[in-house]
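What follows is a set of notes on a single structure, which appears directly below.
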Amino acid sequence: MTKNIYNKFGKDYHQQEKDPGKTFSKRFIVNPAMTFLIKDIVKNKKVLDLACGAGVFTRKLSSWGAKVVGLDISKTLIEIARNENSAIQFYIADAIKTPFKNSQFDIISSSLLVHYIKNIKLLFNEVSRMLKKRGLFIFSIRHPMTEVLKKIEINDKREYVLIPYFHNKKYTWNMLKRFETISYKCDLKKIMNSAVEDGIKGMEMVNYHHTFGNIINCLNDSGFVIERLLEPKPSKRSEKYNKKDYSRTSKYPSFCVIKARKI
Ligand SMILES: C[S@@+](CC[C@H](N)C(=O)[O-])C[C@H]1O[C@@H](n2cnc3c(N)ncnc32)[C@H](O)[C@@H]1O
């Protein structure tokens, strides 16, 4: 499903990356936090950019001196990555079953993959297998709270409601339309159902909700300890690119970035 959607919409997705207003979260929240944790430690290190997409962050890793390779499940995105980064090697594969040998990498960087995976234990086991001892897994994920926080309108006024947190269900959302507003014409039960289960036409993403407890315990079970957990907010200078996104993400959690070490 994910593979197909990124194959179909991969070019639009990559095109969208050029517009700072449309990729506000990635550009001003996720990437700065990933950069903060990774930039100064990758020089001469063997690095895998797992779920590298079109290779934009892979290129940055390379520019910071990493000996980096990229992997993604989407053929369309890997074709773009190869065209735009001829010096970097890219692989098409599923992140939970990669072609790499055991203990290959010093660092595995993975931005915005984990919420695409239902069984994160399989993913974390695979990452652990590929990492050297004491290796680092640095990844960003949709904040578990943002997945259960839904924007509604009551008498034209925006409010937020919490929907159920303790589950591992899939939910869908639209990448190109991005933040849908659920109008408060229905009862709360309907809001929950539409927020967790329903989708809208277009680049409809299927993601899986993971609680903090699940993420942390699965990392531990796969041999990791968490060294750092960031809940990044946008900088003031980003406000001019998208006032609405800036206002929301300055007040409510949107993503988190975790640095975990294989012990
Ligand atoms: C939101 S994009 C992020 C791309 C890139 N990391 C970035 O920050 O620009 C999510 C990526 O995860 C990839 N992906 C999703 N499920 C995957 C899987 N099971 N194995 C490998 N890649 C996967 C998608 O193809 C897509 O490129």
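A short reminder: the numbers here are calculations on the coordinates, not readings from a lab. Note that this is a predicted model, so its numbers are computed, not measured. Ideal geometry is used to build each Cβ from the backbone, glycine not excepted, and the neighbour counts take in all protein chains shown.
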1/(1 + (r/R0)^6) with r = Cβ-Cβ of Y91 and K133, R0 = 25 Å, i.e. FRET efficiency to nearest 0.05, evaluates to 0.60
Per its Cα gyration tensor (rounded if a/c is under 1.5, else prolate when a/b beats b/c, else oblate), segment 47-141 is best filed as oblate
Rounded to the nearest Å, the spacing of the alpha-carbon centers of segment 28-82 and segment 203-217 is 22
Toy charge model, Lys and Arg Cβ at +1, Asp and Glu Cβ at -1: the chain dipole around Cα centroid in debye, rounded to 20, equals 540
Cα extents of the chain per principal axis, largest first, Å, are 57, 37, 36
Residue separation between K118 and N44 times 0.36 nm, minus their alpha-carbon distance, gives in nm 23.3 nm
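Relative contact order (percent) for the chain, with alpha-carbon contacts under 8 angstrom and 6 or more residues of separation? Write down the numbers at each step before the final one.
Details: 499 pairs, mean separation 54.4, N = 263.
Computed over the chain, the figure is 21 percent.
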In nm, the gap between the two label points placed 7 Å beyond Cα toward Cβ at K75 and D12 is 2.0
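Expected output is a single nm value to one decimal: the length gained when fully extending between K236 and N168, i.e. 0.36 nm times separation in residues minus the C-alpha distance. What is it?
On the way: separation 68, 0.36 × 68 = 24.48 nm, distance 3.43 nm.
So the extension gain works out to 21.0 nm.
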With the dipole of the chain defined by +1 on each Lys or Arg Cβ and -1 on each Asp or Glu Cβ, the option from I38, F28, I163 whose Cα lies farthest towards the positive pole is I38
For the chain, the charge dipole (Cβ of Lys, Arg +1; Cβ of Asp, Glu -1; about the Cα centre) points to a positive end, and the Cα of P144, S86, A66 closest to that extreme belongs to A66
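How high is the relative contact order of segment 1-74, given as a whole-number percent (alpha carbon pairs under 8 Å, six or more residues apart)?
Details: 66 pairs, mean separation 22.4, N = 74.
It rounds to 30 percent for segment 1-74.
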